[in-house]
């Protein structure tokens, strides 16, 4: 186990380094941020000052060396747009994304497993058909549309929820609700498919023959075996939210990392782009590790 | 190394913050605390969070809307209605000689940190604005190409000598936000000013709160507290006033502005135009440029792709600017005449069939793509061969500004220019001087008029600018002017506040009253 963890840590460190090199040079290929930072009518002198101040006149390889040296001391550099440490800017935003992802994925996982398992129990029954119908709609509806319709319905017409923003528990309901829809549809389908296979297997038939009640058969015997593919999909969906729920962040004014990343790319705020990529990459690495561990818990045959 | 230590410490602190944040959120989720707002509080929704709260960056719209004259004041204030100057932190000013101005500063003014305002604060504010240790937008935008020598006569008298002479120095001082002389040469995270409000809370990405100061030198404003929120979606911002979550949205979309009781159109001091690059044939031929101007049916845009209240433009600056030339009228829509001019030029060997690239910027203003497509079509109708290219902002800026690429093809560039400062000097050199960063041509004669106008005062100044505008529009046919634009605001009915041309760059809480 310990050697597995060490191996994974090294592998991730190598991919992270590769990512840093690629993003550093690719982002700089787009040009320097001076003209974007200063107004179009700024003097040439001011532009030159800006370049000198941020070391943009140095050869790229010198800039990269400086960046790596700072990085070795956990200094991610300063955001040129915000005049604050890039890591602070990213972590502030990432906290929101992390909480959003954690709550959404918990709610999605629980509901998809319960609904998917029940649907698989009587394939073709009313519950199964209803669940499949709505999950397919959910998995295919564009989230910006759901978000706007939700605001018009629940805030403007009914007045039940605030339109957007943060502050109270009510503010979280719509963003989570909108983020819930697509992964719920997808995971439910995987749970259902996987459960149908599991419920048709020999050990379930044996259990039934022995007179075990339906509920323990579904949730104890079959579910554990059906969970392996489900966990993989959960990981994919969680990674998508960790990378930033840009649409939801934009519409609901949620200060997450997705919008920050896109804004920083457009503004050529390189330090923030790099810091954001490293923080999300690290989070996804940790999550993948947890998924691997979950595999070994669920399936005793898997040993690292 | 002290640097290393600090960095590690910061990281530790960040981890702590995350932890305390997670606990905090858990509690917040469990107990939703309703916020009780007073009737004299207002909530304002901006389209983006402020990147910084540094007073020397207030020339950026949203930073200006929060800080300018609310937190940080200027010596002089521009009245955008009539272009006149009003005293603010300076009680009066006079020209001592051609290049020196004397300002009498207001006494008994204090900053929000308790320190008293005096001449040294003005000196430091200017030094910061033009410092090469920090890059301030105000310095880069308004104080380039000149040096100001500030002499403190006494605590409340300041003499400013400029090289070269600046007849509009008092107007320039309406852009310089004043900070205490103790302010270091780094961006402020907590702005300190002499204004009627101080920033009491800032949660990055979420909100900024300004509260009224008790020890403000001037009249007590009606608004006690202002909360700024940030939403990038137009429809959401507009909905927030409708649901009572917000009071003022300085910027909503044209399609949201449907309620006459709350929605206002206001001239936003922006002008759209096509910058023509005279350096490459066939655009070096005046007949081709005239033909382009006559090919555009400006009326057809109004009330369709652009708001009804926008106006066909004849200047690069809005009508409230000094020297505005009311004798100029927009080029008539005359495709027949345009075709004839192109035929004539073609007969003289001008390559009018050459492909002209139209460069436009994604998201520059609402419907920009459709406007650019319509323009391309109109040029095509008179026989020009125009190819539209849409660019992201960064690439577009590079194409807009010099140095222009060698061996480039003929191009026209769709741009929008903002001048809310009341004087053409802030626009004309950049857009039309031979050395101008975004100028597509060079006319020594025009340069001379502009130099004379810049050095002149009063009626002479206005007359010279008037000549310069006529020369650009009629004689040189330099560019294709399109529209003086309008913006839309939504204001809750309980407020007595009307957005003006100033709303594009500032939003003075002191000007808001309650019905």
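A short reminder: the numbers here are calculations on the coordinates, not readings from a lab. Computed from a predicted structure; not experimentally measured. All Cβ positions, even for glycine, are placed from backbone atoms using ideal geometry, and neighbour counts span all protein chains on display.
What the table below lists for this structure:
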read-out	value
0 to 90° range, to nearest 10: angle between helix B:444-455 axis and chain B longest Cα axis	30
Prolate/oblate/rounded call for segment A:86-298, Cα gyration tensor, a/c under 1.5 rounded	oblate
Candidates A:69, A:271, A:202, ranked by Gaussian network fluctuation over chain A, Cα under 10 Å, top entry	A:202
0 to 90° range, to nearest 10: angle between helix B:335-347 axis and chain B longest Cα axis	60
Shielding of A:165-172 by partner chains, average beta-carbon count, 10 Å	6
MRE, 222 nm, helices only [DSSP H, n ≥ 4, -39500 (n - 2.57), over the protein assembly as shown, to nearest 500]	-14500 deg cm²/dmol
Most mobile of A:156, A:273, A:114 in a GNM of chain A (Cα contacts under 10 Å)	A:156
Spin-label model distance (nm) - residue A:16 vs residue B:435, 7 Å beyond Cα toward Cβ	5.1
Helix B:286-295 vs. chain B, principal-axis angle (Cα, 0 to 90°, nearest 10)	70
Cα gyration tensor, segment B:224-329 - rounded (a/c under 1.5), prolate or oblate	prolate
Gyration tensor verdict on chain B (Cα atoms; rounded if a/c is under 1.5, prolate if a/b is larger than b/c, oblate otherwise)	prolate
Likely footprinting exposure, B:500, A:104, fewest C-beta neighbours within 10 Å first	B:500, A:104
Rounded Å value of the spacing that divides the Cα centres of segment B:90-134 and segment A:171-188	55
Cα-Cα separations in the protein assembly as shown greater than 48 Å, expressed as whole percent	29
Mean separation of Cα contacts under 8 Å, 6 or more apart, over the residue count of chain B: relative contact order %	20
Segment A:86-298: relative contact order as a whole-number percent, Cα under 8 Å and 6+ apart	30
